[in-house]
Amino acid sequence: MELDVIIETPDWEAHGLEALCLDVCAMTLRYLDLDPQRYEFCVLGCDDAKIAELNADFRGKPTPTNVLSWPSDEIDLPLGKSPALPDADPDGPPYELGDIAIAFETCWREAAEQGKPFEHHLTHLLIHATLHLLGFDHINDPDAAHMEAIEARILESRGIPDPY
């Protein structure tokens, strides 16, 4: 997997964002029977000010949020189905999935408010964002239930309790 992790906020370095991204994102792809080596994406570890700016620019919401994701392609993912991504040429460049931005202060605050270890919360948010890059969403209740069930199973495989 080609993963470009850009750290704009030093707090992320102290919490091993790059290593966790490599591990969690690859684990999420493998869970869905996708070969991590055939895909690439970028993660931006930023602060609340930067993610509020991105949230305003792309969603019209000028407030901080925990994580944002931008898939490279619109993927039509029917409920209950696995992603049907273009098959990356094993001898060619990896298929670009998209970009993720994650805000340290919001993630830290949410973990504290929810009484869970920061790494558990961060793992959940990285799984969630990776699923968004693959076409999963939670716009309606059935899609949300499907996405949440996948997140919970992946987290369970790591010994992390169901966040829902």
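Only alpha carbons enter this Debye calculation for the stretch 1-66, each as an equal point scatterer, and the log10 of I(q)/I(0) it gives at q = 0.12, 0.14, 0.19 Å⁻¹ is -0.39, -0.51, -0.82. Across every pair of non-identical alpha carbons in the chain, the mean reciprocal distance, once inverted, gives a Kirkwood radius of 16.1 Å. Counting only Cα atoms, the stretch 87-164 measures 45, 29, 25 Å along its principal axes, largest extent leading.
Taking the chain as a Gaussian network of alpha-carbon nodes connected by springs under 10 Å, the highest mean-square fluctuation of the residues Gly98, Gly45, Gly60 belongs to Gly60. The relative contact order of the chain, computed from alpha carbon pairs under 8 Å that lie at least 6 residues apart in sequence, is 24 percent. Which far-off residues, 5 or more places away or on another chain, put their amide H under 5 Å from the one on Asp47, with H placed in the peptide plane? Amide H neighbours of Asp47: Phe104. Per residue of the chain, the DSSP helices (runs of n ≥ 4 H) give a summed -39500 (n - 2.57) that works out to -14500 deg cm²/dmol at 222 nm. Comparing mean-square fluctuations of Pro94, Pro36, Pro142 from a GNM of the chain with C-alpha springs under 10 Å, the top value falls on Pro142. Pick from Arg30, Arg109, Arg59 the residue whose mean-square fluctuation is largest in a GNM of the chain, springs joining Cα atoms under 10 Å. Among Arg30, Arg109, Arg59, the largest mean-square fluctuation in the Gaussian network model of the chain belongs to Arg59.
Coordinate-derived values only; no laboratory data. Quick caveat, the model's predicted, so the values are computed rather than measured.
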